[in-house]
Amino acid sequence: MSAYCKETDVLDKYKKYLNSISSIFDEKDFGKWSLDLNTKHHEVDQQWLDILGVPECELDYTEDDCAKRIHPADFERTKAATYRILRDKTFKSIEFRMRHHDGYWIWVENFGGVCRYDNKNRPVAVSGILRNITREKISRINIQKNEKRFRELLDKLPNIAVQGYDRHRRIVYWNKASEKLYGYTKEEVWDRKIEDLIIPLSMREDVISSIKNWVEKGVVIEPSELTLMRKDGSSITVFSDHILLDDGDGNPTLFCIDVDLTKEKIAQNRLEWLASFDTLTQLPNRQQFVSYIDRLINESSRMDRCFSLSFIDLDNFKTINDSFGHDVGDSLLQQVVSRIRNILRSYDFLARFGGDEFILLSPYEHIEENTALFEKIINILQTPFYIDKHELHISCSIGVSLFPENGEERHTLLRHADTAMYKAKTLGKNRFVFFSNALNSIIQKQLKTQTLIREALKHDRFQLYYQPIVDTNSEKIVYLEALIRFRSSDGEIILPGDFIPFAEKSILIDKIGKWVIDKVCRTLRQWQDIGLSPRVKINISGHTFSFFDLDSQITKKLDQYNISAEQLGVEITEDTLIDNYEEAVKTIQNLKKIGINISIDDFGTGYSSISYLKKFPLDFIKIDKSFIHNIAAEETDRKLVSAIVTIGKSLNLKVIAEGVETKEQLDYLRLIDCDYIQGYYFHKPMSSKKIIELMSAAKADR
C-alpha cells in the first residue's frame, strides 16, 4: 500500500461522499488506484483489476495504459474533469465508460483528488476509488427514458393537469392541460414556487409542510378535493393526487395530478338545488320547508316567539289546467308566485307544497300584521292573468294555524292549516280562515262521509228517487228530476245535501255522476219496456260536467240502453258556467248536438249574468226555492221571481219554479206565466215503483 497516499485517507473521503448522496456502499465493490504525476506510474489494487477483468500480467501500470481504456466519447470530458481536480486541489467524482478486458463497455464512477504535494505545495500525486456502476447507470437511464415517456404521455392528456416540482417546490414540469386549467403558460411558471402560483394564501403553510414531510420523511400526501386559484384570481375545484419520482440521483420530483371538477360541481350543486327547490316556481320545495319549519319551531320555542303557518290553495286551478293545458297552467303558477313574492316581507318563507298548494311561514308579534298580508295575497290575485291570449281569473283559499296556539309541532300545524283551508273553500273560496277547534269536527265529518260514499259505491247502496215537474196550467207531469240518496250500512238514509258537498272535494263526485247516468238510462229502458216514456233530468256537478267527457259518457249509455236523447236532460248550476267557461261551452254544444236539453239549476243564487246566459244554448232555468218560499207574503220576492220569469221568456227559456208547497205560491206563479212547477204541493220525491204507479194511473185516465 506504499504506493497509495498515506496523508489522505481516500476511502474515508469516498465513504463520506456516498453518505452525502444517500448511496449504499460496500468496500469490496471499490478498486483503489494512485498516480505519480512525475513518473506517470499508475498503481492499482486487485479489486480495480477485477472490476475491469484485467489480468495483472497484462497491465503496464502507466497513465497511458489506463487512458486508452476510456471510451472515446467520454475521454475529453474525463480529461477536463482531471484538470479541474488538479486546479482546484479537491476530490471530485465523475462517471464515464471503460472497456472491460472482454471487450464490452462498463460504466464506472471514479472518485479522486490530489493526495500529495511538494514543498512548494504543487500536486505530485493523485489517488482515488473506482466503482462499477453499470447496473445503476442502466437503471438510471431507464428511469430517465421512462420519465421522458411519462412526461410525453402527460403532455397528451387533454383534461388532466399535471405539474412537477422539485424538493424546493419549484416548477420543473407543466403540461398543456395545466396551462388551460390555471391560465399560466409553461414559460410563466418555470422555476417558480408552486405556492406562489395556484395555492390560496390560507392553504400555503399546509401545502409547504405536506411537501416537506413527503420528501424528507416519506409521509404520503393523500388524494383529496381542493379549491385552488387560477391566474385571473378565480377559484377552481380539482381532485388532486400526487406521485413522488426519483431521477436515480437522489433528486425527487413531485408530480401533482389535478382533475377539473367544475362540471361535477355544477352538476352536484344542481342536484342539491333540485333536492331543495321547485324547478317551475324556483320556490323552496316540501323538503326544504320541512327543514325550515323544524328550525323555526326550535328557535321560536327557545325565544318565546310566534309564527303563522298558512296553507294557500288556488281555487279552480285544476279546471284551468285541464281546460287550457299544462303549459298555460305552469305559466299561471309562475305568475301567481311572482305576485305573491312581490308583497312578502324579508322574513316570510314561501314554499311550494305540491301542485297548486303553497305554504307560507310568517313570524309575528301581533297577528294583525299577518292578517293584513293574507288580505293582500287575496287581493293581488283578483286582477286577471293574461297568458297566451287567454284572460284567466283565479283566487285562493287560505287556511291559517298559529304557533304555539294551534300546535307546537309540524304535523299538527299542517293538519290544522289544511283543515282551515277546507273551511275557506266551503265558505265560498277566495278568503282566509283561522283554525279553531270547532273546525276539527267538520273535517272528521268529511272524512267519515267520504268513507261512507266509497262503501255505498262498492256495495251498490245508492238509490234514485224521482220528483215530478208539472205543467203550471194543465198540472200534467212533463219531466222527472232524478234525486240521489244512499242508505248507510246501519240503514240510515243520507240525503244529497249531506254527502254531495264532500264528494265534490274528490273524484268521488265523478264516480257518482257515472253511476247516476247509468242508473237513469237503465230505468228509462225498463219504463219504456212497460209502455212509459217520461223525460228525466239529472243533476251534474261542475267538475263532472266540464272534465268527465260527459257527452261521450251519455252517448254511450243512450246507445247501450237504446234510449232517445230527448228523454234525458241535464241540470247544472250557474257556477259551473262561470268557473269553467270554455269547457262548459264545449260540453253544452256537444250535448245539444245529440239532443240533450240543458237546465240552469238554482237560478239566482250564483254569480251568472244575463250576458253569460245569452252565450249558452240553454233550454230551462229553475228558480231556486229560496225565492219561492215567501212570494205569497213578500213583495220583494214576488218582484224577483217575476223578473226571473221575464228574463227567461226574453231569452226563449222555459222557467221552472221549484219548492212550490202552497196554493198561494202556485196562484202567483200562474199569474206571472211561469211554465213549470216542482214541489211538495204536487208531488214529493218517490221511488221508481211509485213513479210507475203514478204514471200508469195518469195514462189510464187519458
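The values are calculated or read from the model by the stated rules, or taken from the named source; none is laboratory data. Here the structure is a predicted model, which means the values were calculated and not measured. Don't worry about glycine lacking a Cβ; one is built from the backbone with ideal geometry, like all the others, and counts go over all protein chains shown.
If we scan segment 204-213, do we find a residue that is basic (K, R) and either surrounded by 15 or more Cβ atoms within 10 Å (Cβ to Cβ) or within 30 Å of L333 (Cα to Cα) (or both)?
Kept after step one, since they are basic (K, R), are these residues of segment 204-213: 204, 212.
Next, only the ones that are either surrounded by 15 or more Cβ atoms within 10 Å (Cβ to Cβ) or within 30 Å of L333 (Cα to Cα) (or both) stay: none.
No, there is no match, as no residue in segment 204-213 is basic (K, R) and either surrounded by 15 or more Cβ atoms within 10 Å (Cβ to Cβ) or within 30 Å of L333 (Cα to Cα) (or both).
Evaluate the following for F255: is it over 30 Å from N213 (Cα atoms), in contact with a Leu (Cβ under 7 Å, 6 or more places away or on another chain), of a type outside the set (S, T, N, Q) and outside any helix (DSSP H, G or I)? Please lay out each step first, then the result.
Details: over 30 Å from N213 (Cα atoms): no; in contact with a Leu (Cβ under 7 Å, 6 or more places away or on another chain): yes; of a type outside the set (S, T, N, Q): yes; outside any helix (DSSP H, G or I): yes.
Here the answer is no, as F255 does not meet what is asked.
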Practice prompt. Quick one: in segment 511-548, of everything that is in contact with a strand residue (DSSP E or B) (Cβ under 7 Å, 6 or more places away or on another chain) and among the aromatic types (F, W, Y), which residue is nearest to A456 (Cα to Cα)?
Written response: W515
Worksheet item: Considering only segment 293-342, how many residues are of a type in the set (D, E) and assigned to a helix (DSSP H, G or I)?
Response: 5
Worksheet item: For segment 392-406, does any single residue satisfy the condition of being in contact with a strand residue (DSSP E or B) (Cβ under 9 Å, 6 or more places away or on another chain), without any contact (Cβ under 8 Å) to a residue 60 or more places away in the chain, surrounded by 19 or more Cβ atoms within 10 Å (Cβ to Cβ) and more than 24 Å from T319 (Cα to Cα)?
Response: yes
Item to complete: Return yes when V220 is over 29 Å from I266 (Cβ atoms) and in contact with a helix residue (DSSP H, G or I) (Cβ under 8 Å, 6 or more places away or on another chain) and no when it is not.
Response: yes
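When you look at I359, is it buried (at least 18 other Cβ atoms within 10 Å of the Cβ), in a strand (DSSP E or B) and among the β-branched types (V, I, T), yes or no? Write out each step before concluding.
Working: buried (at least 18 other Cβ atoms within 10 Å of the Cβ): yes; in a strand (DSSP E or B): yes; among the β-branched types (V, I, T): yes.
It is true that I359 is buried (at least 18 other Cβ atoms within 10 Å of the Cβ), in a strand (DSSP E or B) and among the β-branched types (V, I, T).
For the structure I just gave you, tell me whether S488 is under 41 Å from the mean Cα position of the chain (by Cα) and either within 18 Å of D601 (Cβ to Cβ) or of a type in the set (S, T, N, Q) (or both).
Details: under 41 Å from the mean Cα position of the chain (by Cα): no; either within 18 Å of D601 (Cβ to Cβ) or of a type in the set (S, T, N, Q) (or both): yes.
Answer is no for this residue.
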Practice prompt. Would you check which residues across segment 82-99 are touching a Lys or Arg at 6+ places or on another chain (Cβ under 6 Å) and either outside the structural domain of G128 (by TED's automatic domain parsing) or free of Cβ contacts under 8 Å to residues at least 60 places away in the same chain (or both) and list them?
Written response: I85, M98, R99
Item to complete: Report whether or not V238 is part of a helix (DSSP H, G or I), surrounded by 15 or more Cβ atoms within 10 Å (Cβ to Cβ) and touching a strand residue (DSSP E or B) at 6+ places or on another chain (Cβ under 6 Å).
Response: no
Discussion item. Just to verify a result, which residue in segment 428-474, among those that are under 24 Å from A565 (Cα atoms) and of a type outside the set (F, W, Y), is surrounded by the most Cβ atoms within 10 Å (Cβ to Cβ)?
Written reply: I469
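Does segment 261-311 hold any residues that are of a type in the set (D, E, K, R) and on the phi > 0 side of the Ramachandran plot, and which are they?
Across segment 261-311, the qualifying residue is only D304.
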Item to complete: Could you give me the residue pairs with C-beta distances under 6 Å whose first residue belongs to segment 619-632 and is over 21 Å from L651 (Cβ atoms), whose second residue is not polar (S, T, N, Q) wherever it lies, and which are 6+ apart or on separate chains?
Response: K625/E658; K625/G659; N630/D637; I631/D637; I631/R638; I631/V641; I631/Y668; A632/E664
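Got a number for residues in segment 642-666 being surrounded by 15 or more Cβ atoms within 10 Å (Cβ to Cβ) and modelled with pLDDT of 90 or more? Give the derivation first.
Initial filter on segment 642-666 (surrounded by 15 or more Cβ atoms within 10 Å (Cβ to Cβ)): 642, 644-645, 647-649, 653-660, 662, 665-666.
Remaining after also requiring modelled with pLDDT of 90 or more: 642, 645, 653-660, 662, 665-666.
Residues meeting the conditions: 13.
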Worksheet, complete the sentence: Taking first residues from segment 662-690 that are within 14 Å of P534 (Cβ to Cβ) and second residues anywhere that are part of a helix (DSSP H, G or I) and modelled with pLDDT of 95 or more, the pairs with Cβ under 6 Å that are 6 or more apart or on different chains are S688/T523
Item to complete: Only residues that are surrounded by 19 or more Cβ atoms within 10 Å (Cβ to Cβ), over 24 Å from L558 (Cα atoms) and not aliphatic (A, V, I, L, M): list them for segment 486-522, please.
Response: F486, F499, F502
Worksheet entry | Cβ pairs under 6 Å, 6+ apart, first in segment 100-123 and under 14 Å from T134 (Cβ atoms), second among the β-branched types (V, I, T) and surrounded by 11 or more Cβ atoms within 10 Å (Cβ to Cβ) | H100/I106; I106/T134; W107/I133; W107/T134; E109/I133; N110/I94
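Name the single residue that is modelled with the highest pLDDT among those in segment 437-490 being part of a helix (DSSP H, G or I) and among the small types (G, A, S).
Start the filter on segment 437-490 by keeping residues that are part of a helix (DSSP H, G or I), which leaves 437-458.
Filter once more, so that each one left must be among the small types (G, A, S): 438, 441, 456.
On the way: A438: 79, S441: 74, A456: 88.
Here the residue is A456.
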